[in-house]
Every structure is written in structure tokens, then in C-alpha cells.
Amino acid sequence: ASLMGGYLNDIEPDLKAHGIHTLTIPSIFPTGDTSCFLAEGNTGWSIIEAGVHTPQAREKWSAALKDIGISFKQIEKILVTHIHPDHAGIAGWLQQQSDARVLVPRLDLPAWGKYTLPEAEQYEHLY
């Protein structure tokens with residue numbers, strides 16, 4: 001996580017110049033924090049990676065959108081690269097706030113239900 005975090009610090013100004021904002025969601029798992037992205041498109045915003053579902057993550061997402069100056073309703077897509085709870089855990093909550101489509105890899109669809117459990121159960125099922 002620290003290597004990726006250092007990399008993001010180096011490229012973050014370039015990302016922002018292209019309408020991409022970074023957000024780090026603290027993880028409850030030993031895998032480390034999750035780097036998430038908000039990208040502005042022609043018709044709305046997209047989230048790439050959602051992070052784990054915790055009260056702190058909900059606060060971080062709400063604060064990030066406020067800092068950028070957008071509302072949840074401006075988010076049209078939520079893309080998760082794979083269905084681990086540190087990447088997709090809060091996607092359902094983000095969808096409830098935004099009405100955005102959640103996009104997941106087709107091969108991960110059978111596992112979707114396993115990782116949409118409350119946070120205490122997510123940990124039990126992951127490890």
C-alpha cells in the first residue's frame with residue numbers, strides 16, 4: 001500500500017489536471033488501504049474502486065464529493081476491478097446514494113453475494 005500511495009502522490013497533480021481525483025479508503029483488512037478514483041466524463045462522474053464498507057469510508061466518500069463540489073446524484077457509474085470487499089464493499093451504499101450503475105467483471109458475478117455482507121461477516125468470509 002505504501003508503494004502505491006507514494007506512486008499516487010507523484011502522479012496526483014497530473015490526474016487532477018485530467019479531471020481524475022484520488023481518494024484513499026482505509027481498510028479493515030491486512031491488505032492495506034484502497035486507492036479509489038473519481039473521474040469526470042462527458043455526462044457525469046465515474047468511481048473506479050469503491051473500498052471497504054465502514055462508517056469511516058462513508059464519511060470519506062461524502063467529504064470527497066463535497067470537496068470536489070459534486071453530489072452523489074452526479075455519479076453515473078461505479079466500476080470495481082474485482083469483487084473483494086476492500087474494492088467493492090461499499091459499492092452498494094454508493095449506488096444507493098447515487099442511483100449509479102455498478103460495473104463488475106463478468107467472472108466475478110457469482111461471488112457478488114458473498115462480498116455484500118455486513119463488514120464483520122466480510123472479514124470472516126475473506127480470511
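The values are calculated or read from the model by the stated rules, or taken from the named source; none is laboratory data. What you see is a predicted model, and the numbers here were worked out from it, not measured in a lab. Cβ coordinates were reconstructed from backbone atoms using ideal geometry, including for glycine residues, and neighbour counts include every protein chain displayed. Ligands, DNA and RNA are excluded from the accessible area calculation, which covers all protein heavy atoms including side chains. Shrake-Rupley method; radii C 1.70, N 1.55, O 1.52, S 1.80 Å.
Within region 115-123, is even one residue at pLDDT 80 or above and either open to solvent by 40 Å² or more (accessible area, probe 1.4 Å) or of a type outside the set (A, V, I, L, M) (or both)?
No, that holds for no residue.
Going by the conditions given, is residue 78 crowded, with 17+ Cβ neighbours inside 10 Å and either without any contact (Cβ under 8 Å) to a residue 12 or more places away in the chain or within 10 Å of the chain's Cα centre (by Cα) (or both)?
For residue 78, the condition - crowded, with 17+ Cβ neighbours inside 10 Å and either without any contact (Cβ under 8 Å) to a residue 12 or more places away in the chain or within 10 Å of the chain's Cα centre (by Cα) (or both) - is met.
Can you tell me which residues in region 20-35 are surrounded by 18 or more Cβ atoms within 10 Å (Cβ to Cβ) and of a type in the set (Gly, Ala, Ser)?
27, 35
On the basis of being within 27 Å of residue 107 (Cα to Cα), in contact with a Gly (Cβ under 6 Å, 6 or more places away or on another chain) and at pLDDT below 90, does residue 52 make the cut?
yes
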